[in-house]
Amino acid sequence: MGEGGEDRGAKGRASEDRASEDEAGDVGGSEKGGQHQEGSASAAGPALARLPMEHWDRWVDEALSHLSAKNLVRSARPINLSSSTDLSEELETYDCPGRWDRSSVEIALEDETFRQWLRELPSPTGDEVRNENGELPGKLILFSGNDYLGLSTHPAVRMAVSKVAIEHGMGPRGSSLICGYTNYHRLLEASLAELKKKEDCLLCPTGFAANMAFMSAVGSVSSLSVFGRKPSKEERVVIFSDALNHASIIDGIRLAERQREVKVFIYRHRDMRQLNILLSCCKIEKKVVVTDSLFSMDGDFAPLMELVHLRKKHGFLLVVDDAHATLVCGENGGGVLEMYKCENDVDVCIGTLSKAAGCHGGFIACSKKWKKLIQSRGRSFIFSTSFPVPIAAASYVALVVARKEKWRRREIWRRVSEFRTLTGLPVTSPIISLIIGSEEAALLASRKMLMSGFHVTAIRPPTVPPNSCRLRITLSAAHTQDDIRKLVDALSRCIKLPIVARDEGQLSSKL
């Protein structure tokens with residue numbers, strides 16, 4: 001995992017030297033901007049530009065038909081684990097934070113571990129290892145995790161994982177297509193499909209694996225349409241990817257591209273004008289647009305309603321990675337799709353259970369056809385062991401708790417509002433990116449925050465581009481208003497607040 005990186009890997013970014021309106025970077029080549037490859041885009045008639053979205057259903061049907069003819073369609077058959085534990089029975093939920101919530105944002109390090117960490121960071125004096133009181137901080141307040149709702153320590157989640165572990169251990173160990181798929185996994189899939197308003201859902205070992213599996217499957221649509229040979233450039237799937245998409249999306253695209261199944265354009269971050277131009281000029285029929293919903297390193301949202309408009313205009317498959325917004329956004333925690341009431345306009349929703357759900361695993365919410373294709377062609381799904389049964393049980397219970405304890409979403413957005421008011425920063429989500437610049441300045445700021453009792457790590461290359469090193473702060477419903485006040489006070493001692501406009505520069509360090 002990269003410095004400050006997430007469970008799904010370090011970012012591969014194309015944020016420097018971005019493409020112009022008629023140029024886009026190629027994911028398979030440089031991560032910086034570059035020319036289109038020959039034959040990838042040219043003037044095309046309006047009929048090709050406005051292919052109906054139903055074409056994707058036909059293409060997936062054709063792919064499945066080719067697989068079926070060779071007996072290559074795969075499906076998982078759930079093993080039924082009889083249980084005295086009914087996860088659907090009434091769970092004990094609460095209308096305010098409990099003492100257990102605090103343990104999701106308070107951590108402790110042994111003194112020697114803390115000293116070693118400080119030695120690895122630059123110091124103004126070279127040997128400073130104690131705080132202003134001459135002592136090592138005891139507990140640290142965690143402001144760098146992804147447990148947005150504090151569900152990892154919820155009593156109901158703890159009870160579910162412990163009861164099922166006692167009854168079944170870890171459950172059958174194998175891939176989902178062999179023996180690793182159980183009634184517990186199926187129950188979780190059904191709950192996620194309902195949450196995302198999709199026909200079905202497929203669980204994957206991690207969010208990284210989910211994106212990899214989907215990209216492998218979508219690339220196979222082109223190769224299966226010309227069974228027995230490699231697709232020509234015009235027969236490939238063309239993927240349009242936001243420049244700041246997560247590394248798992250980028251690596252999945254690279255894998256499909258290496259198989260010569262897809263052609264890739266990177267459009268500038270959130271730049272719908274450039275995306276529209278690229279779509280209008282592209283003569284390839286099978287178009288896919290993929291984007292994060294809430295970008296993990298910058299904390300900004302994709303312009304989803306503009307993407308929905310472009311989808312209606314160009315007929316592409318719209319794929320959204322809702323990892324950081326699932327359970328955080330929307331009245332019922334349905335994520336950005338629910339927040340914008342556009343569930344029916346997003347074809348595939350990818351997510352993770354390791355963030356706001358406080359557990360582990362990834363998922364792809366989609367149609368039954370897409371699920372069947374991913375099960376048959378998504379290599380990171382096919383060849384990975386499914387996650388343990390107690391994790392499936394805990395994840396299901398976490399979804400139920402998140403739906404019932406709506407106050408958790410209200411609390412995390414209150415923390416966002418409080419941080420915005422106290423700092424004057426134009427933050428719009430629980431992910432706050434304070435760009436400082438050089439690696440040394442960011443590490444010094446991180447050291448100062450550690451000495452002040454806050455776990456806030458410096459994010460540096462390869463997670464982010466050079467000279468855009470930052471402090472990445474994440475807020476949780478388990479944080480208190482006093483936590484935010486103390487955090488802002490500590491920040492004000494190491495960086496200059498408020499932030500300057502994004503296009504005018506970066507935060508200056510006081511260290």
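The values are calculated or read from the model by the stated rules, or taken from the named source; none is laboratory data. Model, not experiment: these values are computed from the prediction. We place every Cβ from the backbone using ideal geometry, glycine too, and count neighbours over all the protein chains shown.
Identify all residues within the range 201-231 that are among the hydroxyl-bearing types (Ser, Thr, Tyr) and either on the phi > 0 side of the Ramachandran plot or part of a helix (DSSP H, G or I) (or both); write none if there are none. Ser216, Ser220, Ser222, Ser223, Ser225, listed by residue number.
Any residue that is in a helix (DSSP H, G or I), in contact with a strand residue (DSSP E or B) (Cβ under 9 Å, 6 or more places away or on another chain) and more than 29 Å from Leu91 (Cα to Cα) - is there at least one of those in the range 357-368? Even if it seems obvious, please write down each step before you answer.
Step one: filter the range 357-368 for residues in a helix (DSSP H, G or I), giving 368.
When the remaining residues are screened for being in contact with a strand residue (DSSP E or B) (Cβ under 9 Å, 6 or more places away or on another chain), the result is 368.
Narrowing further to those that are more than 29 Å from Leu91 (Cα to Cα): 368.
Yes: one or more hits.
Set side by side, the residues Ser176, Ser225 differ, and just one is at pLDDT below 95 and small (Gly, Ala, Ser), which is Ser225. Taking the numbered list (1) surrounded by fewer than 24 Cβ atoms within 10 Å (Cβ to Cβ); (2) outside the structural domain of Leu337 (by TED's automatic domain parsing) in turn, Ala190 passes all entries but (2). Against the numbered list (1) more than 23 Å from Ala325 (Cα to Cα); (2) charged (D, E, K, R); (3) modelled with pLDDT of 95 or more, Glu504 comes up short only at (3). Just to be sure before I move on: is Gly351 outside any helix (DSSP H, G or I), at positive phi and buried (at least 22 other Cβ atoms within 10 Å of the Cβ) in the structure I sent? Answer is no for this residue.
Considering only the range 406-429, state which residues are part of a loop (DSSP other than H, G, I, E, B) and either within 24 Å of Gly334 (Cβ to Cβ) or touching a Leu at 6+ places or on another chain (Cβ under 9 Å) (or both). Spell out how you get there, then give the answer.
Within the range 406-429, the first condition is being part of a loop (DSSP other than H, G, I, E, B), and the residues that meet it are 406, 424-429.
Residues satisfying the conditions are Lys406, Gly424, Leu425, Val427, Thr428, Ser429.
Taking Ser241, is it small (Gly, Ala, Ser), surrounded by 20 or more Cβ atoms within 10 Å (Cβ to Cβ) and without any contact (Cβ under 8 Å) to a residue 40 or more places away in the chain?
Judged against the criteria, Ser241 is not a match.
The single condition among (1) over 30 Å from Glu54 (Cα atoms); (2) touching a Pro at 6+ places or on another chain (Cβ under 8 Å); (3) part of a helix (DSSP H, G or I) that Ser395 does not meet is (2). For the range 419-449, residues that are surrounded by fewer than 20 Cβ atoms within 10 Å (Cβ to Cβ), within 25 Å of Arg102 (Cβ to Cβ) and not β-branched (Val, Ile, Thr) total 2. Once the range 162-195 is narrowed to residues that are β-branched (Val, Ile, Thr) and part of a helix (DSSP H, G or I), the residue that is nearest to the chain's Cα centre (by Cα) is Val164.
Among the candidates Arg377, Arg403, which residue alone is under 21 Å from Glu199 (Cα atoms), more than 19 Å from the chain's Cα centre (by Cα), crowded, with 24+ Cβ neighbours inside 10 Å and in contact (Cβ under 8 Å) with a residue 40 or more places away in the chain?
Working: Arg403 fails: crowded, with 24+ Cβ neighbours inside 10 Å.
Unique residue meeting the criteria: Arg377.
Return the residues of the range 248-261 that are at pLDDT below 95 and either closer than 23 Å to Gly299 by Cα or in contact with a helix residue (DSSP H, G or I) (Cβ under 9 Å, 6 or more places away or on another chain) (or both); say none if nothing qualifies. First the steps, then the outcome.
Taking the range 248-261 as the starting set, the residues that turn out to be at pLDDT below 95 are 255-261.
Residues satisfying the conditions are Leu255, Ala256, Glu257, Gln259, Arg260, Glu261.
Within the range 393-406, track down each residue that is closer than 15 Å to Ala156 by Cβ and out of contact with any Gly (no Cβ under 7 Å at 6 or more places or on another chain). Can you show your working first?
So in the range 393-406, the residues closer than 15 Å to Ala156 by Cβ come out as 393-405.
Matches in the range 393-406: Ala393, Ala394, Tyr396, Val397, Leu399, Val400, Val401, Lys404, Glu405.
Every residue in the range 430-479 that is of a type in the set (Ser, Thr, Tyr) and part of a strand (DSSP E or B), please.
Passing the criteria: Ser433, Thr474.
When you go through Leu425, Leu444 one by one, which is the residue that is more than 23 Å from the chain's Cα centre (by Cα) and within 17 Å of Asp300 (Cβ to Cβ)?
Working: Leu444 fails: within 17 Å of Asp300 (Cβ to Cβ).
Of the residues listed, the single one that is more than 23 Å from the chain's Cα centre (by Cα) and within 17 Å of Asp300 (Cβ to Cβ) is Leu425.
Being within 30 Å of Leu67 (Cα to Cα) and among the aliphatic types (A, V, I, L, M) holds for only one residue in Val397, Val348, Val401, and it is Val348.
Quick one: in the range 273-330, of everything that is polar (S, T, N, Q) and not in a helix (DSSP H, G or I), which residue is nearest to Pro231 (Cα to Cα)? Among those residues, the one meeting the criterion is Thr291. Exactly one residue out of Gly169, Gly138, Gly174 is under 30 Å from His479 (Cα atoms) and either of a type outside the set (S, T, N, Q) or buried (at least 17 other Cβ atoms within 10 Å of the Cβ) (or both): that is Gly138. Pairs linking a residue in the range 280-295 that is closer than 28 Å to Val464 by Cα and assigned by TED's automatic domain parsing to the domain that holds Asn211 to a residue that is charged (D, E, K, R) and in a loop (DSSP other than H, G, I, E, B), with Cβ atoms under 6 Å and 6 or more positions apart or on different chains, are Ser293/Asp322.
If you go through the range 142-166 and keep only what is buried (at least 22 other Cβ atoms within 10 Å of the Cβ) and aliphatic (A, V, I, L, M), you end up with Leu149, Leu151, Val157, Ala160, Val164.
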